[in-house]
Amino acid sequence: MNKIEMLNSIIKSSEYIVFFGGAGVSTESGIPDFRSKDGIYHIQSKIPPEEILSHHFFVHCPEEFYTFYFQNLVNLNVLPNVCHQKLALLEKQKKLKAVITQNIDSLHEMAGSVNVLHLHGKMEDNYCIKCNKYYPLKEIMRYTLPKCSCGGIIKPDVVLYEEPLCTEILDEAVMHIEKADTFIVAGTSLTVQPASSLVQYFKGKNLIIINYENLNNLPATLVIQDSVCHVFSSIDLEEE
Ligand code: OAD
């Protein structure tokens, strides 16, 4: 049996699949990841991208933050790829119970997934830091420094460096991982805490890793070093 056949056989026999993804899930939709050679952290800029994407930088230089953010992280002209689509179908078929993502795009929801846990927030959601008024992404993109009608600066509801993750979302992610019989980890370098330690909570049968790079030290049942889209396009699911 080759790896794709193994994957198909595991999916067929699974009843509680949980998917955990990172930036690599959206690269084939045209959104760069962070740590690959064309990733966001390799963009040449006077201030390192990691610093720009930090809480203290947002507080002190919000306009510079937004210039970088709008230029490099926000892209409204992207569409879900076959990975997002197949996951949505797996959820419809009641096999997949949750998508846990570190991505701030909404491509899983666009593809039709419902139970999506955004560990790092969503760029679609934006709030005034003074009065908490909500603003959709399209509205704040009209300004170089988005401000609320009350005068407060609007902040994207995404987790920046130095900011904590939402504990409710993290707890829900752990709850699903603990119940899963199959855990698929794809397109993430697993370098960021606490997201990277989520794998420890998995006690089920099949840990599947899909990634270009080899992620060492994981007790995986199946490792597929290939493109996320190539792998997902080979998953056999009967359309309803
Ligand atoms: P990274 O850029 O660290 O890792 C992406 C991984 O996916 C790398 O191992 C790539 O080799 C792999 N990859 C990329 N495209 C792929 C594809 N099409 N098929 C298969 N593998 C592919 O991104 P994340 O792990 O998501 O946090 O990064 C985690 C967090 O670090 C991000 O959410 C972000 C960043 O700091 C915040 O902004 C809070």
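Quick notes
- Exactly one residue out of Ser45, Ser29, Ser54 is within 30 Å of Asp181 (Cα to Cα) and among the polar types (S, T, N, Q): that is Ser29.
- Sole residue being touching a residue at least 40 places away in the same chain (Cβ under 8 Å), more than 12 Å from the ligand (Cβ to nearest atom) and assigned to a strand (DSSP E or B), chosen from Val78, Val18: Val18
- Residue match in the stretch 146-162 (condition: within 16 Å of the ligand (Cβ to nearest atom) and under 30 Å from Glu238 (Cα atoms)): no
- Positions within the stretch 23-33 being in a helix (DSSP H, G or I), surrounded by 20 or more Cβ atoms within 10 Å (Cβ to Cβ) and not small (Gly, Ala, Ser), in sequence order: Val25, Thr27
- Verdict on Thr182 being under 16 Å from the mean Cα position of the chain (by Cα) and buried (at least 18 other Cβ atoms within 10 Å of the Cβ): no
- For the residues Ile104, Ile31, Ile52, the requirement of being in contact with a Phe, Trp or Tyr (Cβ under 9 Å, 6 or more places away or on another chain), within 13 Å of the ligand (Cβ to nearest atom) and β-branched (Val, Ile, Thr) singles out Ile52.
- In the set (1) outside any loop (DSSP other than H, G, I, E, B); (2) without any contact (Cβ under 8 Å) to a residue 24 or more places away in the chain, Pro219 fails one condition alone, (1).
- Extreme residue, nearest to the chain's Cα centre (by Cα), among residues of the stretch 34-50 that are of a type outside the set (D, E, K, R) and in a helix (DSSP H, G or I): Ile40
- Scan the stretch 121-141 for residues that are in contact (Cβ under 8 Å) with a residue 60 or more places away in the chain and within 13 Å of Val158 (Cβ to Cβ) and the total you get is 1.
- Check on Asp171, under 21 Å from Leu119 (Cα atoms), modelled with pLDDT of 95 or more, more than 10 Å from the ligand (Cβ to nearest atom) and of a type in the set (Asp, Glu): yes
The values are calculated or read from the model by the stated rules, or taken from the named source; none is laboratory data. Being a predicted model, the structure only gives us computed values, none of them experimental. We place every Cβ from the backbone using ideal geometry, glycine too, and count neighbours over all the protein chains shown.
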